[in-house]
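Student: To start, I am sharing the structure in question, which I have written as C-alpha cells.
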Amino acid sequence: MAGYIARRFVQLLVLLIGISIVSFSIMHIAPGSPIDLMTDRTTTAEDKARIEALYGFDKSIPEQYFRWAGQIIRGEFGNSFVTGEPVLDMIMARLPATLLLNFLTLIIIYVLSIPIGIISAVRQYSWFDHLVTFYAFLGQSMPEFWLALLLLFYVGLRFPFIQTTGMATWGVSIAEHGLWYFLVDRVRYLILPLAVISFTNLASITRYMRASMLEVISQDYVRTARAKGLPQIKVILKHALRNALLPIVTLIGFELPILFSGSVIIETIFSWPGVGLLSWNAVMQRDYQVIMAFNLLGASLMVLGAFVADMLYLVVDPRIKYN
C-alpha cells in the first residue's frame, strides 16, 4: 500500500507540472494581455514597455513560467494585476460561498439520486422507471444557462420572496435578527442556484445509478441470493448495492474540483460571490495571476479526487487490493 501511494504521488506531481505548463502557455498565447487593460491610446510606447518590464511581460514565456513556478514553490501566488490584492486572499475570501453552494448541491443530488436510481432499476419498465428515464435525458440535455434564465424570468421576477442576485441581504446577521430570520434570508438567495445545479447533476447521477444497479442485479450471485429466499430489500441493500456504488464512488472523487471551481456560468448569472465568478472576471480582465492560481488549485483537486476515489474503492469493495 505504501509503495502504491508513493507511486501515485509521483504521478500526480508530474501531472500537475504538465497541466501548469500547458495552462500557462495557452494563456499567454491567447490574444490580449493585462497591459491592454492598463493602457489606452494616449499611452506612449516607452510607457508601455516600462509597464511590461515591471510585470515581467518582456521576458519569454519559458522565463515567465519559471519565475511563476518559483513563486508557487515558495507558497506565493502573487498579486492581482487588476486590484493589486494577494491572489490567495482573493480566493479564500470567496471560497466559503462556493463551498456552501456546492456542498448543499452534493447533499441534494446524492441523497436523492441513489434511492431513485435503485427504485428505477428494481422496477424496470414501470411508470416510475419511464418517468425517471425521461427526467434523466431531459436534465442532461438541458443547458444550465438556459434553465437559469427560465427560472429568472418565470420564478425570480414573479415571486418577491425569491432573490435572483447575491448571497444575502446586506446587514442581516444572527446577532441582530436571530438565527431563524438569518437562515430564511440565506435560503431566499439559495433557491434558484441550487435548483439549477441540482436539476442537471441529479439527472446525471440518477442515470448512472440506475444503469449500475441494472447491471449488478442481473449477476448470478444476486439471483442466487433470491433463490435462497432472502427478502428483496436485503438482496438489494446487502448484496447488490455495494457493487453498484463503485461507479458512483468514482463520480464522488471527481466532484472535489467542482467544490472549488463551482459553476462559473451559474455564479455569473446569479451574481453569486464565489470562486467561479472570480475566475470569470479574471478571464475577462486577463488577470494572469488569478487565472493560473485558479487552474492550479482546480487541477490539484482533480488529481486529489482521483486518488480519493481509488481509496474509496477499498471501502466499498474489500476484494480490491493495491500492491
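The values are calculated or read from the model by the stated rules, or taken from the named source; none is laboratory data. Since the structure is predicted, the reported quantities are computational estimates derived from the model, not experimental observations. Glycine gets a Cβ as well: all are built from the backbone with ideal geometry, and neighbour counts include every protein chain shown.
Student: Find the residue count for the range 83-99, including only residues that are buried (at least 18 other Cβ atoms within 10 Å of the Cβ) and of a type outside the set (Gly, Ala, Ser).
Tutor: Selection size over the range 83-99: 5.
Student: In addition: Residue pairs, Cβ under 9 Å, 6 or more apart or interchain, first in the range 143-166 and surrounded by 18 or more Cβ atoms within 10 Å (Cβ to Cβ) and among the polar types (S, T, N, Q), second at pLDDT below 90 and in a loop (DSSP other than H, G, I, E, B). List them.
Tutor: Note: pairs meeting the criteria are 163/169; 164/157.
Student: Also: Can you give me the number of residues within the range 191-204 that are over 12 Å from residue 108 (Cα atoms), hydrophobic (A, V, I, L, M, F, W, C) and surrounded by fewer than 19 Cβ atoms within 10 Å (Cβ to Cβ)?
Tutor: So the count comes out to 1.
Student: How do the helices (runs of 4 or more DSSP H) wholly within the range 168-232 filter down when requiring 1 or more residues that are in the same structural domain as residue 252 (by TED's automatic domain parsing) and either among the basic types (Lys, Arg) or at positive phi (or both): which remain?
Tutor: Of the helices (runs of 4 or more DSSP H) lying wholly inside the range 168-232, those with at least 1 residues that are in the same structural domain as residue 252 (by TED's automatic domain parsing) and either among the basic types (Lys, Arg) or at positive phi (or both) span 179-217, 220-227.
Student: May I pose another question? Being in a helix (DSSP H, G or I) and among the aliphatic types (A, V, I, L, M) narrows it down to one residue among 82, 14; which is it?
Tutor: 14
Student: Same structure again: Please pick out the residue among 50, 41 that is outside the structural domain of residue 294 (by TED's automatic domain parsing), farther than 21 Å from residue 295 by Cα, outside any helix (DSSP H, G or I) and among the basic types (Lys, Arg).
Tutor: Exactly one residue qualifies, and that residue is 41.
Student: Name every residue in the range 218-259 that is touching a helix residue (DSSP H, G or I) at 6+ places or on another chain (Cβ under 6 Å) and of a type in the set (Phe, Trp, Tyr), in order of residue number.
Tutor: Scanning the range 218-259 gives a single hit, 254.
Student: Would you point out the residue of the range 1-54, among those that are of a type in the set (D, E, K, R) and within 21 Å of residue 299 (Cα to Cα), that is surrounded by the most Cβ atoms within 10 Å (Cβ to Cβ)?
Tutor: Only one residue tops the list, namely 8.
Student: Could you list, in sequence order, the residues of the range 100-145 that are among the charged types (D, E, K, R) and either in a helix (DSSP H, G or I) or not assigned by TED's automatic domain parsing to the domain that holds residue 242 (or both)?
Tutor: Within the range 100-145, 129, 144 qualify.
Student: Filter the range 14-33 for residues that are in contact (Cβ under 8 Å) with a residue 60 or more places away in the chain and under 22 Å from the mean Cα position of the chain (by Cα); which is farthest from residue 58 (Cα to Cα)?
Tutor: So the residue we want is 15.
Student: Mind listing whichever residues of the range 117-137 are within 18 Å of residue 217 (Cα to Cα) and within 23 Å of the chain's Cα centre (by Cα)?
Tutor: Hit for the range 117-137 is 117, nothing else.
Student: Oh, and also: Return the residues of the range 58-76 that are out of contact with any Phe, Trp or Tyr (no Cβ under 9 Å at 6 or more places or on another chain) and either under 22 Å from residue 38 (Cα atoms) or in a helix (DSSP H, G or I) (or both); say none if nothing qualifies.
Tutor: 58, 59, 60, 62, 63, 66, 67, 70, 72, 73
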